[in-house]
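**Q** Got a structure here, written out as structure tokens. Questions coming.
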């Protein structure tokens, strides 16, 4: 069976992360925070959190080398039931929901230039097209992903450079600490905004879903995860600095198409329309990466649990075609039935819980099985995982307090996953 090269796996990490969140979430953050320093700190803290998570996952991925991400980790560390619930979350929210958000944003950007175009129709067509591409072979799938990710990084660097140089005026926003910034950073608005930022960083763990299909995963996984996450953190800080530098806060408040608004202020109406098309094209690699990675969770669930064995069916090249189609169908349901912000907050909350248990699992695994071979050990352990856990617990607490509906719906989804496991386990035993 052919495999993905490490550069392709890194492209999957970068493309999974750079997508909907960074081009949309600033508008929601500006509803409660308008000071430059706390806004930039949001992206720095989110990047630090993701980097700590990536360092931890690098050890887990090298120590437990199997596809499936959190499904594999939680199954090995805790219990098959925990793994199933994690896989249930990854399959329903971890990938289908973000693919829907990225596709909706793709359609929204295109519709800002072509008003007659229906965003939902464009979103659905993109999902269907990429589902077909990734159901073929590792070679065609990997080449499409690598090319679109490279174009995405170059386009972001080009956009930021041109906007900073050509913008007619700098906005009156101070990026140095000011009076009151400390209270903002310690408050609930910062914690809630951080869930949007953490969502934007979601995907730093993407390569662990493809472990069995990466050449020499135990050797390359740490560099793939950490290198991809660090590169994205730098790009995110640059992008948000650029948005705030060139566009007025009032123009971006509550808006989804932040990139288009910033480009319009930097380059004029015609330049904004061109950049809207470019930014829409950038989201193709995001949708593509998640259609690649997500179905591998469904595939390993199908391998382990007999009632779901159809999900493990692959084509001649080892591509899990049934799982890809199932995830894409669920994505289409999200696109056709849900609102953007509700998907964003709800999925961010649930995914944070999922990775929280996986990162915490490194302490359990080290205590329970200290002699297990570890090709890579987490840099900064035990502090690094603790930073990730504390920052996420802080954010989750504020989400539960200030957005209880989304929190309760997320907990309900987890409980439903548990009930599905009980039923599936009984059938599996028979």
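**Q** How about segment 136-164: which of its residues are over 18 Å from the mean Cα position of the chain (by Cα), modelled with pLDDT of 75 or more, within 24 Å of residue 214 (Cα to Cα) and crowded, with 20+ Cβ neighbours inside 10 Å?
**A** Matches in segment 136-164: none.
**Q** Still on this structure, please answer the following. Filter the helices (runs of 4 or more DSSP H) completely within segment 165-257 down to those with at least 2 residues that are at pLDDT 80 or above and within 14 Å of residue 10 (Cβ to Cβ). Show your work before the answer.
**A** Numbers: elements: 181-186, 188-201, 217-246, 249-252.
Answer list for segment 165-257: 217-246.
**Q** Would you tally the residues in segment 228-252 being touching a helix residue (DSSP H, G or I) at 6+ places or on another chain (Cβ under 6 Å), surrounded by fewer than 18 Cβ atoms within 10 Å (Cβ to Cβ) and in contact (Cβ under 8 Å) with a residue 24 or more places away in the chain?
**A** Total satisfying the criteria: 2.
**Q** Just for segment 104-121: of the residues that are out of contact with any helix residue (DSSP H, G or I) (no Cβ under 6 Å at 6 or more places or on another chain) and within 18 Å of residue 281 (Cβ to Cβ), which one is modelled with the lowest pLDDT?
**A** Out of the qualifying residues, it is 114.
**Q** Would you mind telling me which numbered condition in (1) surrounded by fewer than 24 Cβ atoms within 10 Å (Cβ to Cβ); (2) part of a loop (DSSP other than H, G, I, E, B); (3) touching a helix residue (DSSP H, G or I) at 6+ places or on another chain (Cβ under 8 Å) residue 68 fails?
**A** (1)
**Q** To continue, here is another question. Would you confirm, using the coordinates I've provided, whether residue 348 is closer than 30 Å to residue 48 by Cβ and at pLDDT below 75?
**A** Here the answer is yes, as residue 348 does meet what is asked.
**Q** Is segment 89-109 home to any residue that is closer than 29 Å to residue 197 by Cβ, more than 21 Å from the chain's Cα centre (by Cα) and either crowded, with 24+ Cβ neighbours inside 10 Å or touching a residue at least 40 places away in the same chain (Cβ under 8 Å) (or both)?
**A** No.
**Q** If you check residue 379 against the conditions, is it at pLDDT 80 or above, surrounded by 14 or more Cβ atoms within 10 Å (Cβ to Cβ) and assigned to a loop (DSSP other than H, G, I, E, B)?
**A** Judged against the criteria, residue 379 is a match.
**Q** Sticking with this structure for a sec: Quick one: is residue 265 surrounded by 21 or more Cβ atoms within 10 Å (Cβ to Cβ), farther than 24 Å from residue 202 by Cβ and in contact with a helix residue (DSSP H, G or I) (Cβ under 6 Å, 6 or more places away or on another chain)?
**A** Against the criterion (surrounded by 21 or more Cβ atoms within 10 Å (Cβ to Cβ), farther than 24 Å from residue 202 by Cβ and in contact with a helix residue (DSSP H, G or I) (Cβ under 6 Å, 6 or more places away or on another chain)), residue 265 qualifies.
**Q** Could you grab the pairs with beta carbons closer than 7 Å, sequence gap of 6+ or different chains, first residue in segment 4-16 and at negative phi, second one part of a strand (DSSP E or B) and surrounded by 24 or more Cβ atoms within 10 Å (Cβ to Cβ)?
**A** As it stands, the answer is 4/214; 6/214; 9/214, since those pairs meet every condition given.
**Q** Mind listing just one residue for me: the one in segment 1-21 that is surrounded by fewer than 22 Cβ atoms within 10 Å (Cβ to Cβ) and either touching a strand residue (DSSP E or B) at 6+ places or on another chain (Cβ under 8 Å) or in a loop (DSSP other than H, G, I, E, B) (or both) and, of those, modelled with the lowest pLDDT?
**A** In this case the residue turns out to be 1.
**Q** Report whether or not residue 124 is closer than 14 Å to residue 327 by Cα and at pLDDT 80 or above.
**A** Considered against the rule, which asks whether it is closer than 14 Å to residue 327 by Cα and at pLDDT 80 or above, residue 124 comes out as yes.
**Q** In the set 286, 337, which member is surrounded by fewer than 16 Cβ atoms within 10 Å (Cβ to Cβ) and at pLDDT below 80? Full working, then the answer.
**A** Details: 286 fails: surrounded by fewer than 16 Cβ atoms within 10 Å (Cβ to Cβ).
None of the other options fit; the residue is 337.
The values are calculated or read from the model by the stated rules, or taken from the named source; none is laboratory data. Values in this document were obtained by computation on a predicted structure and should not be read as measured data. Using ideal geometry, Cβ is built from the backbone for each residue, glycine included, and neighbour counts are taken over all protein chains shown.
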